Amino acid sequence: MKALSFVLLIPAVLLAHAGPLPAGEFRSIFDGETLDGWKALDMSYWSVEDGAITAESTPQHPCTSNQFLVWQGGDVADFELKLKFRVTGNGCNSGVQFRSRIRPDGLAVGYQADIYQSGPYLGGVCDELHSRNGPELLTANGKRTVIDASGKRTATDLEGQATMRPPGEWNDYHITACGQHIVLRINGVTCSELIDREEGHYDLKGILGLQLRSGDPMKVQFKDISLKQIPAE
């Protein structure tokens with residue numbers, strides 16, 4: 001992450017933002033009716049439907065490169081994020097990008113709280129589009145992973161694993177990031193935990209965004225999005 005200095009420039013279309021939130025309390029960052037305060041390089045995939053931010057690809061409008069809708073309220077550092085999501089098609093493959101950077105081509109680089117139909121990626125922490133010492137999945141569903149300064153990973157089991165609710169039902173995502181410690185919860189289950197100390201790779205601050213995955217046609221929706229900025233100690 002820090003090693004890729006070329007990704008630090010954000011396209012001009014993403015520079016305007018809605019202003020920082022006060023620290024210490026949850027605030028809604030989506031009004032349920034419009035995409036005010038959210039921007040993507042290509043807005044043609046994004047709309048509001050059923051009171052939710054909606055991203056959709058179709059045979060007539062395929063998604064050939066991952067798309068990211070970025071919150072314009074500024075970077076997030078230490079925070080908690082709560083939202084609801086549901087997804088169909090393309091393996092239910094999506095995610096929430098955080099502490100990341102947007103490349104000039106609109107692609108995100110950095111941490112992602114993953115969404116997938118099942119298995120290790122559901123509720124895992126990925127390192128989107130970045131090369132480091134090991135696979136992009138930093139910690140998997142049901143795992144607590146510590147990455148030391150050299151990049152060595154040590155994983156232990158958590159008590160639970162995330163599962164998706166039946167198709168059409170909303171799922172709850174709860175993301176907490178404090179310093180180098182990240183915890184993900186889906187539907188009330190603590191499903192992954194990451195302590196990332198890898199030199200030159202961990203990030204402590206960056207954008208917050210939502211992903212539409214390239215590939216087969218799909219539809220993903222996000223609603224009830226609330227963010228709490230945690231004051232620095």
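Given the condition surrounded by fewer than 19 Cβ atoms within 10 Å (Cβ to Cβ), touching a strand residue (DSSP E or B) at 6+ places or on another chain (Cβ under 9 Å) and under 25 Å from residue 45 (Cα atoms), answer yes or no: does some residue in segment 140-159 qualify? No: zero hits.
Residue-by-condition table, conditions (1) part of a strand (DSSP E or B); (2) small (Gly, Ala, Ser); (3) over 16 Å from the mean Cα position of the chain (by Cα):
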| site | (1), (2), (3) |
| --- | --- |
| 154 | yes, no, yes |
| 161 | no, no, yes |
| 167 | no, no, yes |
| 175 | yes, no, no |
| 182 | yes, no, no |
| 185 | yes, no, no |
| 192 | yes, yes, no |
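Quick check, is residue 198 farther than 29 Å from residue 39 by Cβ, among the acidic types (Asp, Glu) and assigned to a strand (DSSP E or B)? For residue 198, the condition - farther than 29 Å from residue 39 by Cβ, among the acidic types (Asp, Glu) and assigned to a strand (DSSP E or B) - is not met. For residue 193, are the conditions met, namely being surrounded by 18 or more Cβ atoms within 10 Å (Cβ to Cβ), at pLDDT 95 or above and charged (D, E, K, R)? So residue 193 fits the description; yes.
Yes/no matrix, rows are residues, columns are (1) at pLDDT 95 or above; (2) in contact with a Phe, Trp or Tyr (Cβ under 8 Å, 6 or more places away or on another chain):
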position: 100; (1), (2): yes, yes
position: 103; (1), (2): no, yes
position: 113; (1), (2): yes, yes
position: 122; (1), (2): yes, yes
position: 145; (1), (2): yes, no
position: 157; (1), (2): yes, no
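State all residues of segment 175-195 that are over 17 Å from residue 116 (Cβ atoms), touching a residue at least 60 places away in the same chain (Cβ under 8 Å) and in contact with a Leu (Cβ under 9 Å, 6 or more places away or on another chain); if no residue qualifies, say none. Correct list: 176, 177, 179, 182.
For residue 101, the requirement of being of a type in the set (Lys, Arg), buried (at least 22 other Cβ atoms within 10 Å of the Cβ), in contact with a Leu (Cβ under 9 Å, 6 or more places away or on another chain) and more than 16 Å from residue 191 (Cβ to Cβ) is met. A Cβ distance below 7 Å, combined with a sequence gap of six or more or placement on separate chains, defines the contacts here; from segment 86-109, residues that are under 16 Å from residue 125 (Cα atoms) reach residues that are hydroxyl-bearing (Ser, Thr, Tyr) and in a strand (DSSP E or B) in the pairs 96/173; 98/111; 99/111; 100/111; 108/100; 109/100.
The values are calculated or read from the model by the stated rules, or taken from the named source; none is laboratory data. In this text the structure is predicted, and so the values were computed from the model without any measurement. Glycine gets a Cβ as well: all are built from the backbone with ideal geometry, and neighbour counts include every protein chain shown.
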